[in-house]
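All remarks here apply to the structure that follows.
The values are calculated or read from the model by the stated rules, or taken from the named source; none is laboratory data. The shown structure was predicted, so the numbers you read here are calculated from the model rather than taken from an experiment. Counting neighbours? That spans all protein chains shown, and the Cβs are built from the backbone with ideal geometry, glycine included. Just so you know, the surface numbers come from the protein's heavy atoms only, side chains and all, with ligands and any DNA or RNA stripped out. Shrake-Rupley method; radii C 1.70, N 1.55, O 1.52, S 1.80 Å.
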Amino acid sequence: MNALLLRLFILQFCLSIPTLILGQIKWTNSTVKLAAHELEIGKKTVTVNTKPEAEELFLGLFLSWGVRNSDGFNSTGAKKYFRPYDIETGTTIVENYYHWDNIFEFRRFDSWEFTETVDDIPINVVRPLTPAEIKKIQEMVKSIGVTHLLTAAGVTSLKNHNPFQDIDSFIPHLQIHIQKDIKNNQNILIFKTGTRKIFFK
């Protein structure tokens with residue numbers, strides 16, 4: 001956990017002590033309060049205005065349940081690391097984890113990089129996009145109102161995302177992977193297994 005996130009956690013905890021006694025968290029604004037409510041009742045995706053608001057939701061709802069940071073892993077690496085096999089007990093240890101998807105990169109249409117799998121080995125292939133593929137990207141970007149990410153030469157999208165498969169490639173978000181149900185000390189279900197996404201602008 002970086003220093004800023006730690007300070008935010010301490011601040012959030014201190015501010016929350018009076019309201020935690022009443023069983024509620026005092027959110028900073030109505031947008032965050034609504035998003036928190038939607039996550040608590042089972043919604044998988046919510047949207048807030050800023051990254052600090054997304055951080056506030058994470059600190060208030062997920063951090064205390066031991067959800068771990070997987071930044072630095074790719075998708076495959078995170079799944080393996082947070083679901084290791086314990087040789088001594090013969091069981092798989094399942095942990096919940098999260099990561100930020102908010103780093104963008106520019107991808108050129110004339111030298112698009114694909115990852116293809118040959119004999120279970122990922123291979124990077126670089127080739128120009130076809131006119132049909134470019135049109136698909138353009139239509140996707142326009143449909144979600146982020147045309148500022150599009151130029152004649154290419155498109156800006158989130159790193160480690162495939163714009164052809166994932167419309168979330170163009171919207172920054174916090175992704176929380178709940179691989180096992182989160183329950184409290186009374187065995188009451190808090191969050192069911194599944195991925196949560198908190199989008200922000």
Could you list, in sequence order, the residues of region 134-159 that are under 13 Å from Arg107 (Cα atoms), outside any loop (DSSP other than H, G, I, E, B) and of a type outside the set (S, T, N, Q)?
-> Ile134, Ile137, Leu149, Leu150, Gly154, Val155, Leu158
The one condition Asp71 fails out of (1) under 13 Å from the mean Cα position of the chain (by Cα); (2) loosely packed, with under 14 Cβ neighbours inside 10 Å; (3) modelled with pLDDT of 95 or more is (3)
If you scan region 113-139, which residues turn out to be open to solvent by less than 70 Å² (accessible area, probe 1.4 Å), free of Cβ contacts under 8 Å to residues at least 24 places away in the same chain and closer than 23 Å to Ile171 by Cα?
-> Phe114, Leu129, Gln138
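Scanning for something at pLDDT 95 or above and not in a helix (DSSP H, G or I), does region 50-58 turn up at least one residue?
As a first pass, look at region 50-58 and keep what is at pLDDT 95 or above: 50-58.
From the residues that got through so far, the ones that are not in a helix (DSSP H, G or I) too are 50.
Within region 50-58 (the criterion being at pLDDT 95 or above and not in a helix (DSSP H, G or I)), the answer is yes, since at least one residue qualifies.
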Can you name the strands (runs of 3 or more DSSP E) wholly within region 160-201 that have at least 2 residues being modelled with pLDDT of 95 or more and crowded, with 17+ Cβ neighbours inside 10 Å?
-> 173-178, 194-199
State which residue pairs qualify: first residue more than 10 Å from Val67 (Cβ to Cβ) and inside region 170-182, second residue among the basic types (Lys, Arg) and not in a strand (DSSP E or B) in any location, beta carbons under 6 Å apart, and separation of 6 or more residues or different chains.
-> Asp181/Lys192
